[in-house]
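The values are calculated or read from the model by the stated rules, or taken from the named source; none is laboratory data. Please read these numbers as outputs of a predicted model, since none were measured by experiment. Please note: Cβ atoms are built from the backbone with ideal geometry, for glycine as well, and neighbour counts cover all protein chains shown. All accessible areas refer to the heavy atoms of the entire protein, side chains included, with ligands and DNA or RNA removed. Shrake-Rupley method; radii C 1.70, N 1.55, O 1.52, S 1.80 Å.
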Amino acid sequence: MSFPTNFLWGGASAANQYEGGYNEGGKGLACADLISGGRHTASRQITTTVKEELLYPSHEATDFYHHYKEDIALFAEAGFKAFRLSINWTRIFPKGMDQEPNEAGLQFYDQVFDECKKYGIEPVVTIAHFDVPAYLSEQYNGWASREVIDLYEHYAATIFDRYQDKVNYWITFNEINTATLTIGNFLSLGLQVGESPFIEQPDDPQMRYQALHHQFVASTKAVKLAREKYPHFHMGCMISYMPRYPYTCHPNDVLLAKQEENMHSKFCGDVQVTGKYPYYAKNYFAEHGIDITFAEEDATILAEGTVDYYTFSYYLTLCVSADDEVEKNGHSMIGGSGVNNPYLEQTEWNAMIDPVGLRIALNDIYDRYHLPMMIVENGIGVSEELTSEGMVHDQYRIDYLQKHIIEMEKALEDGVDLFGYTIWSAVDIVSASTGEMKKRYGLIFVDKYDDGTGTLKRYKKDSFYWYKELIESNGANLIVR
Ligand code: BG6
């Protein structure tokens with residue numbers, strides 16, 4: 001087994017799921033702070049203010065805000081070469097539209113990056129990870145308004161300037177393509193687009209795609225700025241990449257799988273890598289009554305700010321059928337779209353486990369763009385408990401990760417250019433889609449529960465030790481414990 005020298009092995013996180021301190025250090029409210037927890041999306045609520053009677057596990061989350069030194073020391077112990085995190089927009093600009101940044105917020109990340117540097121860990125920073133300031137949601141209906149582009153640009157310019165000597169790898173938006181999906185309002189609207197809870201609004205594809213267009217323009221403006229002023233920066237996109245398989249070899253199933261994969265997994269990467277909307281979007285927009293307003297300068301801006309590396313999350317594959325009866329009887333994690341794949345097992349949260357799908361994804365993406373790639377999320381969510389000895393025997397996670405890493409290695413042999421892998425997640429954090437603590441992804445267990453109890457003490461899971469040995473051997477040692 002051989003991985004490139006300097007391969008960026010590491011772990012990932014997101015501010016609104018990990019940091020906590022939601023109202024400390026001058027931080028303003030983000031949309032994510034106004035979404036309550038609960039396993040079923042029906043029991044989650046987007047509120048206009050924080051309500052005492054509701055639970056918001058993300059408010060304290062697993063408290064990276066006060067544990068960053070301890071956690072980064074643990075990452076160093078595991079041998080991490082990279083740590084993916086996001087900056088909380090409202091820690092820097094509490095309302096999202098303030099002129100001056102919040103110095104306490106800037107200092108917090110200074111300390112985090114300094115701590116990473118101390119151990120030689122490369123930060124990979126997402127500028128917006130499901131993170132829209134609540135004020136912008138209230139004033140502008142989030143990304144639905146073009147005004148937010150300039151505010152994002154101001155935010156990006158501020159953090160680029162401040163962290164120019166501390167951060168080299170940037171990602172403009174997390175899973176930007178979630179805006180193309182209706183995975184319940186929490187991901188596609190409340191978190192990604194910043195839909196306003198102040199306005200009654202049903203799902204509106206026109207609004208979602210217009211908001212997405214504004215994010216494309218904002219992303220390219222950030223990339224352009226980085227190129228002009230900080231040529232040492234690496235600027236990447238981030239896509240939730242889910243390959244679509246046809247349920248049968250019937251041509252209609254094959255066609256549908258290709259169409260869905262194009263619009264929901266490939267479309268955003270196509271725009272951000274090639275600098276223009278792909279041909280196939282035109283038909284999709286016409287069929288769905290979507291008519292995107294382009295400002296005069298947008299086509300030029302998009303063309304000038306293309307990304308120089310491609311990152312993606314990989315959790316599952318989907319299986320689609322053009323036969324309504326088959327679709328009706330199937331179910332999958334992504335509400336309403338897709339059927340169970342009889343050849344695959346599922347996680348407790350109905351995600352199809354498919355390591356070979358990762359090799360397929362890596363080859364497909366590389367074939368399309370020929371850009372260096374990084375897998376910035378991959379992992380398994382499980383409800384887990386500590387043993388009385390303070391351990392978590394997560395052999396299932398080791399199996400999951402090992403199988404995926406073997407497929408990464410095979411893809412490298414196929415010839416793809418893959419330079420890093422950050423596991424989701426380094427530490428247990430709150431789930432984005434269900435808002436729960438219970439759905440644990442970490443290599444490190446945190447004593448924190450959905451009812452708000454717990455000491456926040458950290459415990460290394462078996463997978464932590466396994467990953468440490470794997471990194472030490474640069475992937476040569478794909479050990480099963
Ligand atoms: C990705 C997100 O969708 O998947 C993360 O970028 C998220 O923020 C992760 O946590 C796992 O999904 P979930 O909903 O199980 O937390």
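Could you list, in sequence order, all residues of region 245-279 that are among the basic types (Lys, Arg) and either at pLDDT below 95 or in a loop (DSSP other than H, G, I, E, B) (or both)? Answer for region 245-279, where residues must be among the basic types (Lys, Arg) and either at pLDDT below 95 or in a loop (DSSP other than H, G, I, E, B) (or both): just Lys276. Taken over region 120-140, the residue count meeting the criterion of being farther than 14 Å from Ile46 by Cβ and more than 16 Å from the ligand (Cβ to nearest atom) is 9. Is it true that some residue in region 453-460 is open to solvent by 10 Å² or more (accessible area, probe 1.4 Å) and within 15 Å of the ligand (Cβ to nearest atom)? Scanning region 453-460, I find no residue that is open to solvent by 10 Å² or more (accessible area, probe 1.4 Å) and within 15 Å of the ligand (Cβ to nearest atom), so the answer is no.
Against the definition (away from the ligand (no atom under 16 Å from the Cβ), open to solvent by less than 60 Å² (accessible area, probe 1.4 Å), touching a residue at least 24 places away in the same chain (Cβ under 8 Å) and within 16 Å of Arg368 (Cβ to Cβ)), how does Met263 come out, yes or no? So Met263 passes the test.
The numbered conditions (1) small (Gly, Ala, Ser); (2) within 15 Å of the ligand (Cβ to nearest atom); (3) in a helix (DSSP H, G or I) are all true for Ala76 except (2).
Just one residue in the set Gln210, Gln215, Gln164 is at pLDDT 90 or above, of a type in the set (S, T, N, Q) and open to solvent by 50 Å² or more (accessible area, probe 1.4 Å); that residue is Gln164.
Total residues in region 167-184 satisfying the condition of being open to solvent by less than 20 Å² (accessible area, probe 1.4 Å), more than 14 Å from the chain's Cα centre (by Cα) and closer than 16 Å to Ser313 by Cβ: the figure is 2. Scanning region 274-308 for residues being surrounded by 21 or more Cβ atoms within 10 Å (Cβ to Cβ) and in contact with a strand residue (DSSP E or B) (Cβ under 7 Å, 6 or more places away or on another chain) gives a total of 1.
Just name the residue that is farthest from the ligand (Cβ to nearest atom) out of those in region 369-385 that are more than 20 Å from Ala411 (Cβ to Cβ) and small (Gly, Ala, Ser). Walk me through how you get there before you give the answer.
Keep residues of region 369-385 that are more than 20 Å from Ala411 (Cβ to Cβ), which gives 381-385.
Subsequent filtering for residues that are small (Gly, Ala, Ser) retains 381, 383.
Working: Gly381: 5, Ser383: 12 Å.
The qualifying residue farthest from the ligand (Cβ to nearest atom) is Ser383.
Taking first residues from region 416-435 that are assigned to a strand (DSSP E or B) and partners that are near the ligand (Cβ under 9 Å from one of its atoms), the Cβ contacts under 6 Å between residues at least 6 apart in sequence or on separate chains come to Thr422/Ala12; Thr422/Val376; Ile423/Gly379; Trp424/Ala12; Trp424/Glu377; Trp424/Gly379; Trp424/Tyr441. Residue count for region 373-390, restricted to those that are touching a Leu at 6+ places or on another chain (Cβ under 9 Å) and open to solvent by 40 Å² or more (accessible area, probe 1.4 Å): 0.
Can you tell me which of His331, His393 is open to solvent by 80 Å² or more (accessible area, probe 1.4 Å), away from the ligand (no atom under 16 Å from the Cβ) and either at pLDDT 95 or above or closer than 21 Å to Tyr209 by Cα (or both)?
His393
Residues in region 27-57 that are over 21 Å from Trp143 (Cα atoms) and in a helix (DSSP H, G or I) were compared, and the one that is most open to solvent (accessible area, probe 1.4 Å) is Ala42.
Taking the criterion of being of a type in the set (Val, Ile, Thr) and closer than 18 Å to Asn168 by Cβ, the residues of region 81-139 that qualify are Ile87, Val112, Ile121, Val124, Val125, Thr126, Ile127.
When the helices (runs of 4 or more DSSP H) confined to region 301-415 are screened for residues that are of a type in the set (S, T, N, Q), those reaching at least 2 such residues are found at 395-414. For region 227-237, the count of residues that are under 21 Å from the mean Cα position of the chain (by Cα) and within 16 Å of the ligand (Cβ to nearest atom) is at least one.
Exactly one residue among Tyr247, Tyr315 is open to solvent by 30 Å² or more (accessible area, probe 1.4 Å) and within 16 Å of the ligand (Cβ to nearest atom), and that residue is Tyr315.
Screening region 114-133 for residues that are surrounded by 21 or more Cβ atoms within 10 Å (Cβ to Cβ) and in contact with a Pro (Cβ under 9 Å, 6 or more places away or on another chain) and picking the one that is farthest from Met238 (Cα to Cα) gives Cys116.
The residues of region 58-72 that are open to solvent by 20 Å² or more (accessible area, probe 1.4 Å) and part of a helix (DSSP H, G or I), listed by number, are His59, Tyr65, His66, His67, Tyr68, Lys69, Glu70. When Phe75, Phe93, Phe80 are checked against the criterion of being touching a residue at least 24 places away in the same chain (Cβ under 8 Å) and either closer than 26 Å to Pro133 by Cα or open to solvent by 70 Å² or more (accessible area, probe 1.4 Å) (or both), Phe93 stands alone in meeting it.
Evaluated against (1) without any contact (Cβ under 8 Å) to a residue 60 or more places away in the chain; (2) within 16 Å of the ligand (Cβ to nearest atom); (3) among the aromatic types (Phe, Trp, Tyr), Tyr465 falls short on exactly one condition, (2). Scanning region 432-447 for residues that are near the ligand (Cβ under 9 Å from one of its atoms) and either in contact with a strand residue (DSSP E or B) (Cβ under 9 Å, 6 or more places away or on another chain) or of a type outside the set (Gly, Ala, Ser) (or both) gives Thr434, Gly435, Glu436, Lys439, Tyr441.
Put simply, of Asp450, Asp417 the only residue that is open to solvent by 10 Å² or more (accessible area, probe 1.4 Å), of a type in the set (Asp, Glu) and within 16 Å of the ligand (Cβ to nearest atom) is Asp450. In summary, Val326 fulfils each of the numbered conditions (1) β-branched (Val, Ile, Thr); (2) away from the ligand (no atom under 16 Å from the Cβ); (3) at pLDDT 95 or above with the single exception of condition (3).
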